[in-house]
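Derivation of every value follows stated rules applied to the coordinates shown; laboratory data play no part. Please read these numbers as outputs of a predicted model, since none were measured by experiment. Positions of Cβ are backbone-derived with ideal geometry, glycine not excepted, and every protein chain shown enters the neighbour counts.
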Number of protein chains: 2
Amino acid sequence: MNEIITISRQYGSGGREIGAKLAEKLGILFYDKEIITRAAKESGFSEQAFENAEKKASNSLLYSIVMGMGAYGSQDIGFTHLSLDDQLYLAQSNVIRKLAQEGSCVIVGRCADYILRDFPNVVHVFLWADMEFRKKRVISEYDIKENKAEEEIIKTDKRRANYYNYHADEKWGRADNYHLSIKSNYVGIDATVECILHYLESRKEV
Amino acid sequence: MNEIITISRQYGSGGREIGAKLAEKLGILFYDKEIITRAAKESGFSEQAFENAEKKASNSLLYSIVMGMGAYGSQDIGFTHLSLDDQLYLAQSNVIRKLAQEGSCVIVGRCADYILRDFPNVVHVFLWADMEFRKKRVISEYDIKENKAEEEIIKTDKRRANYYNYHADEKWGRADNYHLSIKSNYVGIDATVECILHYLESRKEV
């Protein structure tokens, strides 16, 4: 049976690196932005449209209103009557479900935990870290200016939470949405990978 | 330096057993209800008063109003002007801080994670589990009737959340309040203990 690990993560907590290392150790595939590329190919929407949809979710109330009414960026295509954002979300969801059926993999972000909630053999992981650690990471990894780092982190996490809370109808970052949540900077990136491996090796649904 | 592990847990997730086994493996002390006994001794309030305070927190809004106004169970003692509940909370907090200073230990529940948030060398753990697992546990461990189990679990967790959210001014069960959150029934009680030990052994604040 395919083995799927989804990773949700605070911005700057090392989620992408931890996911990639975990996939390497397990000898399985790793998906992050590749999902957008494939969803774009399969749906006909541009990659830019997917990225914009994720970036838009910065105001929770506004986002709900906009999404609910389909008033902003709405592009109803005859029989669907879905907003553009909902169509993009559905296209991504289809890709995520296909990837999970195709083979074992690690999937980062994009509500994959919620989309795959009824799949067998899926383990959901959430990663977070102290602000200081995250600031250092986003400055060095994403080339963000020091005086903008904290603001960017807070804004990005707010977007992730709003996007998730709207589409998944669950609360992003609630411990009981995930099999395992880890403060990554307390042990470091590599030890976090080891902790996830350790949990996976112990699995025995009881 | 003392090593402190706090354990927050959903009702029936095995938190008490996991905490006790963890303390045994680490060769350190374990505190759960013992905190109430000691707080009662040191404060002069009865153990029953402490238990009642915890049980009362079943309605979030009502609890906030009651606590804020000191209208219910209020027993202002001259200079303090604190409600009875706030005084009980303070008495427990003092005991928890003393225990953490006295020696290495595992402490279950009672907002210990929040009370010890500024202590060095403290690791906070949250445990949760599927409803079916928890039902079986509360039926066998706490002698609760099968047809009452789910209701009792939901009510108890609601109380724990309200008690925590009021006193700690944080959200109970948010992954980023804890170093490590684990779905205990996916691996079982003993493997959960091992996962916590593994994380503790890897520690290296970075």
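Annotation for B:Leu29, label-to-label distances across the other copies: 5.5 nm (shortest first, one decimal, point 7 Å from Cα along Cα→Cβ).
Its relative contact order, with pairs defined as Cα atoms under 8 Å and 6+ residues apart, puts chain A at 35 percent. Ranked by how many other Cβ atoms sit within 10 Å of their own Cβ, fewest first, the residues B:Thr192, B:Thr37 fall in the order B:Thr37, B:Thr192.
Plainly put, the tip 7 Å out from Cα toward Cβ on B:Glu51 is 6.1 nm from that tip on each other copy, the closest given first.
Comparing A:Gly188, A:Gly19, A:Gly109 in a Gaussian network model of chain A, where Cα atoms under 10 Å apart are tied by springs, the biggest mean-square fluctuation is seen for A:Gly188.
In order along region B:5-12, the Karplus-derived 3J(HN,Hα) couplings, from 6.51 cos²θ - 1.76 cosθ + 1.60 at θ = phi - 60°, round to 10, 9, 10, 9, 7, 5, 5, x Hz, and Gly and Pro are given as x.
Write down the percent of antiparallel bridges among all DSSP beta bridges whose residues are both part of the protein assembly as shown, to the nearest 5.
Just about 10 percent of them are antiparallel.
All other residues with a Cβ under 12 Å from the Cβ of B:Lys136 taken together, and with Lys, Arg as +1 and Asp, Glu as -1, what is their net charge?
Around B:Lys136, the surrounding residues sum to -2.
Charge dipole (Cα centre; +1 on Lys/Arg Cβ, -1 on Asp/Glu Cβ; no other charges) of region A:11-200 amounts to roughly 120 debye.
Of all DSSP beta bridges confined to chain A, the antiparallel ones make up roughly 0%.
Listed by chain and number, the lysines placed with their C-alpha closer than 16 angstrom to that of B:Lys55 are B:Lys33, B:Lys155, B:Lys158; residues fewer than eight positions away on the same chain are left out.
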